[in-house]
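Here is the structure we will look at, set down as structure tokens.
The values are calculated or read from the model by the stated rules, or taken from the named source; none is laboratory data. These numbers were taken from a predicted model, which means no experiment stands behind them. Counting neighbours? That spans all protein chains shown, and the Cβs are built from the backbone with ideal geometry, glycine included.
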Ligand code: G3H
Ligand code: ZN
């Protein structure tokens, strides 16, 4: 079975990206796994601190491992946006394939020293674990926002990125390049899309030479996503779009079956709704989705 590092190296060569999808329950996990199996592509399942509080750290690890083994699917598990060393260590000990150690709200020098410490501690537990560090501010919360957070306009500088990578020893860098967590209401309605600074992504890639992750992928312009992947993004994170599909699918199922009480008869509608979003994004990340004109 391929490792996550193998999969990231392949994405670098083929200039495609690996989809990373957050889950909070079995509905979303089934949707992500079924979509990846259907397309025969690798995939990363992410659980943030809040999501793993609900799912359970060891339970998430056991569920993903069972899918990997049963279907021989390259499905990996990431401890997304981990803000403390204790929680990062807990995930590494539970067998997670990667950790996003996120101290991006700290001043740069403190972010460097804490991330360096985390890299050393996590590699001591599992030498092949992938550690991602984050600089710049892309806002927090895969939610529906009323307005753009002011901080999300501060973009990562290539020289700062170079220094961060060299001083911390991270495997993957998450920069701020116009991306932002969550969706504005206008994005939910499809009127507005997030736009990315593609030239900056190329400059950061050239300066650092490491794998890169694009966070805050929901609601991003499709051509910007394609160009970001060509410019060096190896992983793209999607969460809010899935949460929205989950909610809409669940609401539809409940209103279509007002007298149903069996969860296993209601929830498949939500699985299909989430799966359709995941399938569409995976096709785009692999470069096989229909090109949007213009
Ligand atoms: O880490 C998770 C993500 O970066 C997802 O962002 O909710 O905007 O898709 P999103
Ligand atoms: Zn994120």
Subset of segment 134-148 (residues that are touching a residue at least 60 places away in the same chain (Cβ under 8 Å) and in contact with a strand residue (DSSP E or B) (Cβ under 6 Å, 6 or more places away or on another chain)) | 134, 144
Could you look through segment 211-230, keep only residues that are buried (at least 23 other Cβ atoms within 10 Å of the Cβ) and part of a loop (DSSP other than H, G, I, E, B), and pick out the one that is farthest from ligand 2 (Cβ to nearest atom)?
-> 218
Out of (1) modelled with pLDDT of 95 or more; (2) more than 12 Å from ligand 1 (Cβ to nearest atom); (3) surrounded by fewer than 23 Cβ atoms within 10 Å (Cβ to Cβ), the one residue 154 does not meet is (1)
How many of the residues in segment 155-180 are farther than 20 Å from residue 192 by Cβ, touching a residue at least 12 places away in the same chain (Cβ under 8 Å) and in a loop (DSSP other than H, G, I, E, B)?
-> 5
The condition of being modelled with pLDDT under 95 and away from ligand 1 (no atom under 13 Å from the Cβ) holds, among 270, 290, 253, only for 290
How about segment 37-51: which of its residues are without any contact (Cβ under 8 Å) to a residue 40 or more places away in the chain and not in a loop (DSSP other than H, G, I, E, B)?
-> 37, 45, 47, 49, 50, 51
What is the one condition in (1) more than 20 Å from residue 165 (Cβ to Cβ); (2) surrounded by fewer than 19 Cβ atoms within 10 Å (Cβ to Cβ); (3) within 16 Å of ligand 2 (Cβ to nearest atom) that residue 59 does not satisfy?
-> (3)
Enumeration of residues in segment 200-224 that are touching a helix residue (DSSP H, G or I) at 6+ places or on another chain (Cβ under 6 Å), within 12 Å of ligand 1 (Cβ to nearest atom) and farther than 21 Å from residue 102 by Cα = 219
